[in-house]
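The values are calculated or read from the model by the stated rules, or taken from the named source; none is laboratory data. Keep in mind it's a predicted model, so treat the numbers as computed, not measured. Reconstructed Cβ throughout: ideal geometry from the backbone, glycine too, with neighbour counts over all protein chains shown.
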Amino acid sequence: MASPGALSHLRVIDLTRVRAGPTCVKQFADWGADVIKVEMPVSEGEDGFGPREGSDFQNLHRNKRSLTLNLKDARGVDVLARLVRSADVLVENFRPDVKHKLKIDYETLAAINPKLIYASISGFGQDGPYRERAGFDQVAQGMGGLMWVTGLEGQGPVRALLPLAGCTFAPFRTNPARRKAIDPDVRRQRLRKAPRGRHDGPFRGGEELAAVTRHAAGCLVPAHV
């Protein structure tokens with residue numbers, strides 16, 4: 001019989017879709033956390049990357065349990081609220097305005113479970129002038145500078161075939177949330193009489209900027225672009 005994973009004491013609610021979010025939560029599942037993937041009703045369309053039975057979906061959501069909820073319906077939000085009561089971590093990648101419209105934002109859910117660690121993933125962060133814009137892999141590659149250092153000289157920007165922005169973001173997002181959930185000091189705080197969670201929401205372009213710092217330094221240090 002296999003031994004439980006290092007994160008088997010955690011329950012994680014997965015509200016994510018497409019690539020970066022599911023890749024992030026997949027790491028919790030691979031480490032043994034009890035991950036509950038919330039899927040949209042069939043009428044709302046597929047989950048970003050092909051059919052549920054397809055290889056991509058199955059890989060992104062391996063080791064997770066799942067249920068279907070219509071979060072546009074008050075009954076679906078009520079079921080989610082009941083799940084939140086026993087959750088340690090919730091991960092979502094809606095645009096910042098969407099979660100408030102659905103009434104599943106951090107402030108609302110933290111009132112139900114004050115110890116909840118609420119991780120948000122978005123293309124351009126939770127504030128700022130671009131906060132309401134969607135951000136996909138090719139957008140992050142382009143705006144982060146990765147496209148400018150691929151391809152042949154004189155060819156112009158070229159997108160990397162692999163979804164590097166979505167895949168490399170996962171450790172950036174997962175590690176802080178995982179540390180807050182398992183760090184001894186944080187766990188002691190969560191077991192006190194008045195435990196408190198937190199909300200984190202970095203933007204997806206950060207990992208691309210980190211990846212091209214060598215090239216940026218090559219332009220900025222000699223003072224030419």
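Only one of the listed residues (Arg192, Arg188) is modelled with pLDDT under 75 and not in a loop (DSSP other than H, G, I, E, B). That residue is Arg188.
For (1) touching a helix residue (DSSP H, G or I) at 6+ places or on another chain (Cβ under 6 Å); (2) surrounded by 13 or more Cβ atoms within 10 Å (Cβ to Cβ), each residue gets a yes or a no:
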site: Ala20; (1), (2): yes, yes
site: Phe28; (1), (2): no, yes
site: Pro51; (1), (2): no, no
site: Arg75; (1), (2): no, no
site: Leu80; (1), (2): no, yes
site: Val89; (1), (2): yes, yes
site: Asn93; (1), (2): yes, yes
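Could you tell me whether segment 30-46 includes any residue that is more than 22 Å from Gly135 (Cβ to Cβ) and among the hydroxyl-bearing types (Ser, Thr, Tyr)? Within segment 30-46 (the criterion being more than 22 Å from Gly135 (Cβ to Cβ) and among the hydroxyl-bearing types (Ser, Thr, Tyr)), the answer is yes, since at least one residue qualifies. For segment 129-146, the criterion of being assigned to a loop (DSSP other than H, G, I, E, B), at pLDDT 80 or above and surrounded by fewer than 19 Cβ atoms within 10 Å (Cβ to Cβ) is met by none of the residues.
The set of residues from segment 63-106 being within 28 Å of Asp30 (Cβ to Cβ) and touching a Gly at 6+ places or on another chain (Cβ under 7 Å) comprises Leu69, Val91, Asn93.
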